[in-house]
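Below you'll find the structure, written out as structure tokens, and then a few comments.
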Amino acid sequence: MSKKRKIKVFVIPDTHFPFHNEDALKAILDLIKKEKPTHVVQIGDLLDQYVFSRYSRTPSITPKEDVTYGLAVAARMWKDIKKIVPRAKCYQILGNHDIRLCKRISEKLPELADFFNVKDLYKFDGVKVLESDRDFLEIDGVIYVHGWLSKSLDHAKHFNKPTVHGHRHRPCIDVEGQLWSMDVGFIADEQSVPLNYTMSKLTKWRMACGLVDDRQPRLFLL
Ligand SMILES: [Fe+2]
């Protein structure tokens, strides 16, 4: 009798394309090659969308460049993953940065907001895209969500299930009783303009990625 294949979910952290660290992205693709996951999830903040931030300072990039460069790197990443693990199920979660453009449109032109769907920006062959930055996935009893809370374990308490999230950029695995939570960190370029405005944050932010192997969390610091 053939043994059922264990579920192995590889989790790509906040990438903030196009302001990412290329070496870290390459390290992630190498790890996917090595681990051969059954599922691959990008945990949101796929794009940075810096020019649409309320805090952006005289950006040297146009809104069109910011989004098109970011999407080009994202499309290349998913294409590479599809080549490495063609049978893996792939999921794109959305984060708070991914919806910035749509948020600005609905603030400035609320009457036109219904004509724009955030999902329309994110189309990658063979990748299922979630609906919004609060939408989440459940795979093998584990929740995958971008995240919005400041304490990692509060995400697991919210869902009352083991939970993998991004958003805080502070990789950790926290355990309480039957619950655990894993923050998978980020791989943004710390020297880039959008990411280097808060040094106090950067001292705790770390490049990482995660794996859930048969429901057990594992972190890789990059
Ligand atoms: Fe992020």
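Tabulated values for the structure
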read-out: Rounded accessible area per residue of region 1-88, 1.4 Å, Å²; value: 53
read-out: Restraint check, LYS64/LYS103; LYS79/LYS123; LYS8/LYS89; LYS4/LYS79; LYS108/LYS151, Cα-Cα greater than 22 Å; value: LYS4/LYS79; LYS108/LYS151
read-out: When each of LYS36/LYS128; LYS34/LYS82; LYS33/LYS119; LYS161/LYS204 is checked by Cα-Cα distance, pairs over 21 Å; value: LYS33/LYS119; LYS161/LYS204
read-out: Hydrodynamic radius (Kirkwood) for the chain, which is based on Cα pairs only, to one decimal in Å; value: 17.7
read-out: Cα-based convex hull, region 1-46, per residue volume (Å³, whole number); value: 58
read-out: Relative packing of peptides 138-151, 164-177, 9-22 - highest average C-beta neighbours within 10 Å first; value: 9-22, 164-177, 138-151
read-out: Fraction of accessible area attributable to carbon and sulfur, region 1-131 (%, probe 1.4 Å); value: 56
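The values are calculated or read from the model by the stated rules, or taken from the named source; none is laboratory data. Remember, it's a predicted structure, so these values are computed and weren't measured experimentally. Here the Cβ is made from the backbone with ideal geometry for all residues, glycine too, and neighbour counts use every protein chain on show. To get the accessible areas, we keep the full protein, side chains included, count just its heavy atoms, and leave off ligands, DNA and RNA. Shrake-Rupley method; radii C 1.70, N 1.55, O 1.52, S 1.80 Å.
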